[in-house]
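Just below is one structure, and these are the notes that go with it.
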């Protein structure tokens, strides 16, 4: 891992553990083990590190959701998108915490959130296509994306709680419930 990646990973670990405000640049430098000059070579300040981390993870989310999605079956696309995000969050708990606690935080400026929307273009197009083909209800596509995301997050939280041993049938039930919520009557 290169030094820039080490700084980003360290920042992710620190802010998911203690929040953005409680994480200082000096702490990032100390915990990463990367020299001051090297950090300042890559980043001007903590905000620039947070910005790059936010955009990097947002791009990951958008890419992961659309991975291996077939072109012809809208329901199969939905299931694969759902499973992709679920497994990504289960296998990347820091990314999950970041998406839940940090990415939705008021500490992330709206301008940065707006810039990151570019990485959700394929997801947005999926829902717009479903609406256009009259498979989905005619809702705002951003609302649909957020509800889709929220359904996955809910199951990840159940998984993390470990109060319910999630079996494939439970995951498939959650996907089916989510799918039916978008369908036209």
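Figures for the structure shown
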quantity: Global form of the range 53-182, assessed from the alpha-carbon gyration tensor, a/c cut-off 1.5; calculated: oblate
quantity: The range 53-182 - percent relative contact order, Cα under 8 Å, separation 6 or more; calculated: 28
quantity: Of 153, 164, 34, the one that fluctuates the most in a GNM where the chain has Cα springs shorter than 10 Å; calculated: 164
quantity: GNM flexibility winner over the chain from 169, 46, 30 (Cα, springs under 10 Å); calculated: 169
quantity: 222 nm mean residue ellipticity, helices alone, for the chain (DSSP H n ≥ 4; -39,500 (n - 2.57); rounded to 500); calculated: -22000 deg cm²/dmol
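Just so you know, all these numbers are worked out from the coordinates, no wet-lab data involved. Bear in mind that the values here come from a model prediction, so they are computed numbers and not experimental data.
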